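The values are calculated or read from the model by the stated rules, or taken from the named source; none is laboratory data. Bear in mind that the values here come from a model prediction, so they are computed numbers and not experimental data. A quick note on method: Cβ atoms are made from the backbone with ideal geometry, for glycine too, and the neighbour counts reach across all protein chains shown.
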Amino acid sequence: GNSVTQMEGPVTLSEEAFLTINCTYTATGYPSLFWYVQYPGEGLQLLLKATKADDKGSNKGFEATYRKETTSFHLEKGSVQVSDSAVYFCALSDWAERKLQFGAGTQVVVTP
Amino acid sequence: SQTIHQWPATLVQPVGSPLSLECTVEGTSNPNLYWYRQAAGRGLQLLFYSVGIGQISSEVPQNLSASRPQDRQFILSSKKLLLSDSGFYLCAWSVSGLNYNEQFFGPGTRLTVL
């Protein structure tokens, strides 16, 4: 079956540091890949997505590239802000299933 | 534009009491609907999903149930709450018929069972 593996957190960074959160997946076929963000006490918001290999999703300074050869979808941001402190979830879906498979989530803490 | 509502926002219930959480979606028709639970400091657990009125798929056997009495209404229920039912409950929807499953989440309900 499908699965998503994320790096464990918490990841603690200083403001303006570079952020990378690793995400790898196992899937049959050609899944679509997503990053969601959850701010404290809130629901999940879609941050970015990629629906086919080599696509790059980007939003709010975050980027992730769908790498089929390494089955990865790592999230990056060049310069984080305190407001980026949140939990980040990697997820995949394939056409056969009407559900998302989520990773365990990675908490990011950005300090001033 | 589409919006998703959940209520109540917070709830404190005694062990053994019943539960009813409601989720409604506006601005779309025939959505896929989902209930997730998030325990403190944990990831998301899919509880139920529905592809149409009266059609419910259960992912995890437990003392919770779900119903979809109307196209854009999804209800999570329990007859008798357990302490382990405490958590953050999230409802989500997605467009049916697409070949990828981008989901949109509600604001969540924080449930504390005492």
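Worth pointing out:
- Residue count for region A:67-112, restricted to those that are basic (Lys, Arg) and more than 8 Å from every other protein chain (Cβ to nearest Cβ): 3.
- Being in contact (Cβ under 8 Å) with a residue 12 or more places away in the chain and either surrounded by fewer than 16 Cβ atoms within 10 Å (Cβ to Cβ) or over 30 Å from B:Thr10 (Cβ atoms) (or both) is not true of A:Thr106.
- Qualifying residue in region B:54-75 (condition: within 11 Å of another protein chain (Cβ to nearest Cβ) and not in a strand (DSSP E or B)): yes
- Scan region B:18-37 for residues that are at negative phi and either outside any strand (DSSP E or B) or modelled with pLDDT under 90 (or both) and the total you get is 4.
- Condition broken by A:Lys60, with the remaining ones in (1) away from chain B (no Cβ under 14 Å); (2) within 11 Å of the chain's Cα centre (by Cα); (3) under 22 Å from B:Ala92 (Cβ atoms) satisfied: (2)
- Being touching a Ser or Thr at 6+ places or on another chain (Cβ under 7 Å) and touching a residue at least 12 places away in the same chain (Cβ under 8 Å) is a property that does not hold for B:Leu44.
- Apart from one condition, B:Arg110 fits all of (1) over 18 Å from B:Leu19 (Cβ atoms); (2) within 14 Å of another protein chain (Cβ to nearest Cβ); the exception is (1).
- Counted residues, region A:4-37 - those being over 10 Å from A:His74 (Cα atoms), within 12 Å of another protein chain (Cβ to nearest Cβ) and of a type in the set (Phe, Trp, Tyr): 3
- Flag: A:Ala64 matches the condition of being touching a residue at least 12 places away in the same chain (Cβ under 8 Å), hydrophobic (A, V, I, L, M, F, W, C), under 24 Å from A:Glu15 (Cβ atoms) and in contact with a Leu (Cβ under 6 Å, 6 or more places away or on another chain).
- B:Gln6 meets all of the listed conditions (1) out of contact with any Pro (no Cβ under 7 Å at 6 or more places or on another chain); (2) within 14 Å of chain A (Cβ to nearest Cβ) but one, namely (1).
- Of the residues A:Tyr36, A:Tyr30, the single one that is assigned to a strand (DSSP E or B) and either closer than 29 Å to B:Tyr89 by Cα or in contact with a Lys or Arg (Cβ under 9 Å, 6 or more places away or on another chain) (or both) is A:Tyr36.
- Search result, residues across region A:7-27 that are part of a strand (DSSP E or B), modelled with pLDDT of 95 or more and polar (S, T, N, Q): A:Thr12, A:Ser14, A:Thr20, A:Thr24
- Odd one out for B:Val95 among (1) more than 23 Å from A:Phe102 (Cβ to Cβ); (2) β-branched (Val, Ile, Thr); (3) within 14 Å of chain A (Cβ to nearest Cβ): (1)
- For B:Ser20: the one exception among (1) under 26 Å from A:Ala104 (Cα atoms); (2) under 12 Å from the mean Cα position of the chain (by Cα); (3) not acidic (Asp, Glu): (1)
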